[in-house]
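What follows is calculated from the coordinates using simple rules that are stated; it is not laboratory data. The structure displayed is predicted, hence computed values, not measured ones. As a convention, Cβ positions derive from the backbone with ideal geometry for all residues, glycine included, and neighbour counts pool all protein chains shown.
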């Protein structure tokens, strides 16, 4: 089945647009003609599955709606029909239409979700597949809803924590540029012909240099920034960046806590849905989004295949805190590993919130102090010559 987008006019002369699935272009045309629509445009959406991407809020909305509809004992196809109608005016309506039609043609929901890997990751599709095999789809979508809610909450906390420092950083840059390009040059004529303090001469020279070479400096800074971004996005650059970030005092702790929250929660959800421990551990490693931790977990999986215990193998990695292996060992011994992992995820989530608060409480005064030192230094260098009253009168 292919996905088509159309524009048409009704018998009453009303313009409309939408999407539909069909075997071919002619089949899509027939469907529209049966609805007594005059077709003005019809084209196939090629590569739509690889391009489309839902926002975290929309993905949570879809998952939550599925959980509620399945809980009410509504058949799966009817659930997708209701969701397709709900998102009829959504810009990604073709996605929900395609899911509905694939299930209507006898495909499994996990297969349909697997066509959109950018939206529904491996864990999401694997959990749905497990729910289909064990007839526990309502419980699976309930767990996915809780997991996505936690992830969105964490994402919003991190984003909101970085908003004020980013604003303050931009404000500092604007103030410094304003001082060196507007304030100091305007006072240069007032200080001309007078004996100047070395600090004043340095500030005036720096101002002249910035005004004369501002465009070049800006171009160099932008080039360096974009080069760093491209380097970090590359496979090798990302690996080096993540290694360095882990060694930084507060940033390393934040990174580790965020990775452990994702790992513990994903691993717990996979195990609770009945997925075998080795496969669950492999899938959980893919959502860690950190190359060093992923490599360490791959080694753990390999040793598990040789008969090792999860707690013992994780304890051998210096990246995982001792608390993780200790609590996993307790869960293995008590036969309640899922509950212990959920507890670990909540514990590290609380620690991450505290670390973010601590980071904010430290970063804000440091940035304000830096801005105060720069502004104070510039103002002092300008005011020093003005303190010589006799020279000023002459």
Quick calc: nm separation of the 7 Å Cα→Cβ label points for residue 230 and residue 58 -> 3.0 nm
In nm, to one decimal, how far is the modelled label at residue 244 from the one at residue 305, with both set 7 Å along Cα→Cβ?
3.5 nm
Segment 338-362 versus segment 91-153: alpha-carbon centroid distance in Å
28 Å
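Grab the beta carbon distance between residue 278 and residue 360, set R0 = 35 Å, and tell me the FRET efficiency rounded to 0.05. Could you put the intermediate results ahead of the total?
On the way: r = 40 Å, r/R0 = 1.14.
According to the calculation, E is roughly 0.30.
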So what is the 222 nm mean residue ellipticity for the chain from helices alone, if each DSSP H run of at least 4 adds -39500 (n - 2.57) and you divide by all residues, rounding to the nearest 500 deg cm²/dmol?
-24500 deg cm²/dmol
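Is segment 51-148 rounded, prolate or oblate when judged by the Cα gyration tensor, a ≥ b ≥ c being the square roots of its eigenvalues, rounded requiring a/c under 1.5 and prolate requiring a/b larger than b/c? Show your work: numbers first, answer last.
Values: a/c = 1.26, a/b = 1.17, b/c = 1.08.
Rounded, because the longest to shortest axis ratio a/c is under 1.5.
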Please check: in the Gaussian network model of the chain (C-alpha springs, under 10 Å), which one of 333, 101, 121 has the largest mean-square fluctuation.
333
Return the FRET efficiency for the residue pair residue 163, residue 333: r is the Cβ-Cβ distance, R0 is 51 Å, and the value is rounded to the nearest 0.05.
0.70
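For a distance above 33 Å, tell me the whole-number percent of Cα pairs in segment 159-394 that qualify.
Numbers: 12324 of 27730 pairs.
Value for segment 159-394: 44 percent of Cα pairs lie more than 33 Å apart.
How large is Rg over Rh for segment 151-250, taking Rg from the Cα atoms and Rh as the Kirkwood inverse mean of 1/r across Cα pairs?
1.15
Average projected area of the Cα convex hull of segment 299-377, in nm²?
Working: hull surface 29.1 nm².
So the mean shadow area of the Cα hull is 7.3 nm².
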Using the per-residue mean of other Cβ atoms lying within 10 Å as a proxy for protection, in what order, highest first, do the peptides 252-262, 357-367 fall?
252-262, 357-367
Computed curve, the chain, Cα-only Debye sum without solvent term, log₁₀ I(q)/I(0) at 0.08, 0.09 Å⁻¹, is -0.66, -0.77
Full extension from residue 85 to residue 221: what is 0.36 nm times the residue separation minus their Cα-Cα distance, to one decimal in nm?
44.0 nm
